[in-house]
Amino acid sequence: MMFLKTSWNVIVYNEFGKYLFINAFLETIKMAFLSSLIAFFFGLFLGVYLYLLKIKNHHKRYWICNTLMNFLIATPFLLLIFLFIKFILYPFFHLSYGFWVGFISLLLILTPLFARHCEQVFLTVNPEIYQTSYSLGANDWQFVKCFLLKEARSDLILRAVSLFSTSLAYSSVLGIVGHEGIGEIAISRGYNGDSYLLESHGFNSLNLIIVCALVMFLLTQIVQLIGSFVANKLNKR
């Protein structure tokens with residue numbers, strides 16, 4: 001009962017005329033869903049392109065794309081944000097802080113990650129399917145639309161769910177560029193915050209951190225259940 005009371009106090013905590021947790025929750029939803037949705041389509045396109053390069057033995061172009069993707073994936077996210085701001089966002093767009101900096105930075109890491117997942121899924125598809133589609137007179141677009149995506153659709157849905165979970169994890173560090181999401185308030189108000197100030201509102205810093213962690217878990221769990229349900233339905237057809 002005490003936990004429910006302190007959790008409610010966290011949710012309705014008002015700071016400077018706004019509900020801190022509710023605002024952070026909405027910011028997290030906006031950032032995670034939008035970035036995941038756009039990264040899904042960009043990553044799917046790039047994954048298909050990499051797969052076609054590989055099966056057609058275009059080694060040079062595949063190596064260039066693969067190397068660039070590996071650089072983006074391997075670079076620590078905070079360092080990647082700094083480099084992106086330093087050499088692209090600020091010099092060309094005069095952006096160094098705010099929602100769009102966080103959003104574009106998140107896309108920069110989610111897109112190659114999902115493209116790699118898509119490529120791995122496509123490589124598990126029967127390799128003879130390309131020759132079959134070619135013998136039936138299908139071009140590359142028809143092969144992708146009618147054969148490749150149809151065979152891989154359930155696995156792609158599961159990878160999309162993982163993409164959303166990844167976006168939640170990465171978005172938690174975007175406080176350095178002004179994104180006030182759940183992860184950011186857990187760190188700035190919970191871990192590094194003034195516990196005495198919070199206790200005057202009926203909860204402490206640990207309560208805030210626990211509620212933030214539980215909400216992130218519930219978001220992931222709900223999306224996971226929906227994704228698994230859809231993937232199973234598609235797999236039975």
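Each peptide in 113-120, 143-150, 37-44 gets a packing score, the mean of other Cβ atoms within 10 Å over its residues, and the list from highest to lowest is 113-120, 37-44, 143-150.
With a cut-off of 8 Å between alpha carbons and a minimum separation of six or more residues, what is the relative contact order of the chain in percent? It comes to 28 percent, rounded to a whole number. With 5 Å bins beginning at zero, the pair-distance distribution over Cα atoms of the stretch 48-154 amounts to 2, 11, 18, 17, 14, 12, 10, 8, 5, 2, 0 %. Taking the Cα centre of each part, how many Å lie between the stretch 109-149 and the stretch 1-78? The two parts, judged by their Cα centres, are 24 Å apart. Out of every Cα-Cα pair that the chain contains, those further apart than 24 angstrom amount to 55 percent.
Each Cα pair under 8 Å and six or more residues apart adds its separation to the average, and for the stretch 30-111 the resulting relative contact order is 46 percent. The packing ranking of peptides 101-112, 46-57, highest mean first, is 101-112, 46-57, where packing means the average number of other beta carbon atoms within 10 angstrom of each residue. Calculated FRET efficiency, M2 to L26, Cβ-Cβ distance, R0 = 25 Å: about 0.40 to the nearest 0.05.
At q = 0.12 Å⁻¹ the log10 of I(q)/I(0) for the stretch 154-231 amounts to -0.43, computed by Debye summation with a single uniform scatterer per C-alpha, solvent ignored.
Read-outs: derived from the displayed coordinates by stated rules, not from any lab. It should be emphasised that the depicted structure is a prediction, and the values quoted were computed from it without experimental measurement. Cβ: placed from backbone, ideal geometry, glycine included. Neighbour counts: every protein chain shown.
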